Each structure stands twice: as structure tokens, then as C-alpha cells.
Amino acid sequence: MDARATWISLGRKPAVRTGLFVLGLLLIAASPIVGIVPGPGGVIVFGAGLALVLKYSEWAKRRYVAFKRRHPKKGEWADWGLRRRSARRRERIRKAEEVETALPGD
């Protein structure tokens, strides 16, 4: 079994999922402390924690979707920061629709 398959199978175990979720919460909580240090460390730590929480918590995913619906511009920034594939796909679709509407009609 290769390393990727091993990591994926490990991430399906409830104890590992819970541990990674808690690690994500700890990283989010630690980000203001790391943010005091000069440089972008707090933002990076917060992003890593948010990525773990969103990956391993269904509740957090639902809250994130609700947040994005209420604040689409802020959700766009969060998607960009998390490098989400779904955000890139939506952006391609939006640009394609803009091109279609900009072309002269038939």
C-alpha cells in the first residue's frame, strides 16, 4: 500500500478524525499567540487549523456553508486561502458565464 492510500485509510478511523479535529481547534486557538510574532505566522497557523476542522467535522462544514451564503465575499477569501478545488471550479464557471453574456447575442 502506498503512502497516500495509507493516509486516506488512517483518516477514516474515528479516533484519528477526532484527534485531527482537536488539533485543528488547538491551532485556531494558538493563532493569536503566534500572531504576536512578526511575520504571517498567525494567519498560516489559523489556516491550517481551519483546514483540519473543515476536513474532519460535518458540523463545521455546515456552519462554513451558512457563513459563505451570508457573506459571499468573505467566503470567497476563505476559499482562496484554503485553496479549495470547489472554489476554483465555481470561479471557472462564473468566468465562462461572463464571457457568454459579454458576447453579442444571436
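Observations on the structure shown:
- Using the Cβ-Cβ distance between VAL22 and GLU98 with R0 = 41 Å, the FRET efficiency computed as 1/(1 + (r/R0)^6) comes to roughly 0.45.
- Computed helical MRE - 222 nm, the chain, DSSP H runs ≥ 4 contributing -39500 (n - 2.57), nearest 500: -27000 deg cm²/dmol
- Mean separation of Cα pairs under 8 Å and 6 or more residues apart, divided by the residue count, gives the chain a relative contact order of 17 percent.
- Put simply, when 15-27, 35-47 are sorted by average Cβ atoms within 10 angstrom per residue, most first, you get 15-27, 35-47.
- Axis of helix 41-56 versus longest Cα principal axis of the chain: the two differ by about 90°, to the nearest ten degrees.
- Given their separation in residues at 0.36 nm each and the Cα-Cα distance between them, ALA48 and TRP80 gain 10.2 nm when the chain is fully extended.
- Largest-first principal axis extents, alpha carbons of the chain, Å: 58, 42, 26
Just so you know, all these numbers are worked out from the coordinates, no wet-lab data involved. Quantities reported herein were computed from a predicted structural model and do not represent experimental measurements. Cβ sites come from the backbone with ideal geometry, for glycine too, and all protein chains shown count toward neighbours.
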